[in-house]
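Written out below as structure tokens is the structure these notes cover.
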Amino acid sequence: MDSVYIDAKNVYISGFDEKTKGAHLYELVDHQDHLDVKEMYYTDHKINFLARSKNGESIIFRKMSISMYPDVRLTADNFSSERQVSVTNAQQSEYNWARVELVNWKSYSGIPLEGLLYKPENFDPTKKYPLMIYYYELNSDELFNHSVPKPTASIIYPTEYASAGYVVFIPDIRYKVGHPAQSAFDCIMSGTDYVLKLVPAIDSTRMGLQGQSWGGYQTAQLITMTTRYRAAMAGAPVSNMFSAYGGIRWGSGVNRQFQYERTQSRIGKTIWEAPELYRENSPLFHLPNVHTPLLIMANDKDGAVPWYQGIELFTGMRRLGKPCWLLNYNGDDHNLMENANRMDLSIRMRQFFDHYLQGAPAPIWLTDGIPAVDKGKIMGY
């Protein structure tokens, strides 16, 4: 076996604090016969860049939090002091930004969970606020991430929605193999209960759901299991695990069976071994229970989730007379790549949620739709 050479004087080790979500930096101390690890810096921020000068006397680094843009900082005394040397996002002070806190609760089944709760910077506990809930799997480690509002490829940005008068909740989700839908229900619903008690200013009659891809699937499934939420948006959702099981991930050419049997979709068995689990976890079979208005994005060049999954969900909802809208950005991918499409989705998603959760007037595309022959000609904003 080849030996590994480490130059202790030219190595820094980064560490992540699982409790505080802060960042540690360590240096190696060479004692000739062994190496020690010595902490040199801790901060309640996320560090996303570090470099040292050739003479070893100065270090530049970038750190961030929800309120602090990751500007370049300099230390010349091994982090005993530091100073900011760039001002990149001065315009942020002109806007109502967001603040965030880490929250902890237990699911209905007793699983300890974490989540992120964002409030407007000018939050007033005497007012009432709508609640937006976004999720994927585990997001709480991003407590100190600086989220800049921008045209979205598929998700909501907590800073944008908090700035617009929403409280935003991002719960972690822990799964039981074979029952991903019930797992999401367990974590999201219990988390909703917790934040409603924690923040009485949240209006429980004005709550929305948003997720993309695996999160989009969870949105589609959750509204078949509860009528608690007033509006929901599902981006690139799987609606029928039977038809999705044998499909192709067009971007890679890989058959989709693996992800149901072994990875993210977490069924753990084939469709022949456990058809009842595929039915249990497929929103399509439970659509008669839906009473929540649903906005879907399914794009015809999606390389990860076949876009017919969104079509099955849309046509099923429409056949049952449920309120539902489908956005299809022709030629675009799973997460939008074209900036014009990102801008369009950002506008329509905000209009959708502002209408149902903030009482804003409904746009034309929501009330009348846009005929296919007029797509791209009439925006209907």
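The values are calculated or read from the model by the stated rules, or taken from the named source; none is laboratory data. All values reported here derive from a predicted model rather than from experimental measurement. No Cβ is skipped: glycine too gets one built from the backbone with ideal geometry, and neighbour counts run over all protein chains shown.
Against the conditions (1) in contact with an Asp or Glu (Cβ under 8 Å, 6 or more places away or on another chain); (2) under 29 Å from GLN257 (Cβ atoms), GLN309 satisfies every one except (1). Among residues of the range 267-314 being small (Gly, Ala, Ser) and under 24 Å from the mean Cα position of the chain (by Cα), the one that is farthest from ASP333 (Cα to Cα) is SER282. Applying the criterion of being in a helix (DSSP H, G or I) and loosely packed, with under 11 Cβ neighbours inside 10 Å to the residues of the range 343-381, the residue that is modelled with the highest pLDDT is THR367. Out of all the residues in the range 205-221, is one or more surrounded by fewer than 24 Cβ atoms within 10 Å (Cβ to Cβ), over 20 Å from TYR157 (Cβ atoms) and charged (D, E, K, R)? There is no residue in the range 205-221 that is surrounded by fewer than 24 Cβ atoms within 10 Å (Cβ to Cβ), over 20 Å from TYR157 (Cβ atoms) and charged (D, E, K, R). Within the range 246-266, the set of residues being within 22 Å of the chain's Cα centre (by Cα) and polar (S, T, N, Q) comprises GLN259, THR263, GLN264, SER265. Taken together, THR88, THR43 contain a single residue that is among the hydroxyl-bearing types (Ser, Thr, Tyr) and closer than 23 Å to ASN10 by Cβ, which is THR43.
Out of GLY316, GLY310, one residue alone is in contact with a helix residue (DSSP H, G or I) (Cβ under 9 Å, 6 or more places away or on another chain), modelled with pLDDT of 95 or more, in a helix (DSSP H, G or I) and more than 23 Å from ALA153 (Cβ to Cβ). It is GLY316.
No other residue among GLU101, GLU82 is out of contact with any Asp or Glu (no Cβ under 9 Å at 6 or more places or on another chain), of a type in the set (D, E, K, R) and not assigned by TED's automatic domain parsing to the domain that holds GLU18 apart from GLU101. With respect to (1) surrounded by fewer than 22 Cβ atoms within 10 Å (Cβ to Cβ); (2) closer than 25 Å to MET343 by Cα, the lone exception for ASP141 is condition (2). For the range 97-117, give me each residue that is within 25 Å of PHE49 (Cα to Cα) and buried (at least 19 other Cβ atoms within 10 Å of the Cβ). Within the range 97-117, ALA98, VAL100, LEU116 meet the criteria. Kindly evaluate ALA98 against the criterion of being touching a helix residue (DSSP H, G or I) at 6+ places or on another chain (Cβ under 9 Å) and of a type in the set (A, V, I, L, M, F, W, C). Yes; evaluated as a whole, the condition is true for this residue. Given (1) out of contact with any Lys or Arg (no Cβ under 9 Å at 6 or more places or on another chain); (2) farther than 20 Å from LEU74 by Cβ; (3) exposed (fewer than 13 other Cβ atoms within 10 Å of the Cβ), identify the lone condition not met by SER14. Going through the list (1) out of contact with any Lys or Arg (no Cβ under 9 Å at 6 or more places or on another chain); (2) farther than 20 Å from LEU74 by Cβ; (3) exposed (fewer than 13 other Cβ atoms within 10 Å of the Cβ), SER14 breaks only (2). Residues of the range 143-190 that are charged (D, E, K, R) and within 11 Å of GLU114 (Cα to Cα): ASP172, ARG174. Just one of the listed residues (LYS63, LYS38, LYS54, LYS21) is on the phi > 0 side of the Ramachandran plot and not in a helix (DSSP H, G or I), and it is LYS21.
When you check LYS106 against the structure, is it within 26 Å of the chain's Cα centre (by Cα) and on the phi > 0 side of the Ramachandran plot, yes or no? So LYS106 fails the test.
Among the residues of the range 161-200, just one is acidic (Asp, Glu), out of contact with any strand residue (DSSP E or B) (no Cβ under 7 Å at 6 or more places or on another chain) and crowded, with 20+ Cβ neighbours inside 10 Å, namely ASP186.
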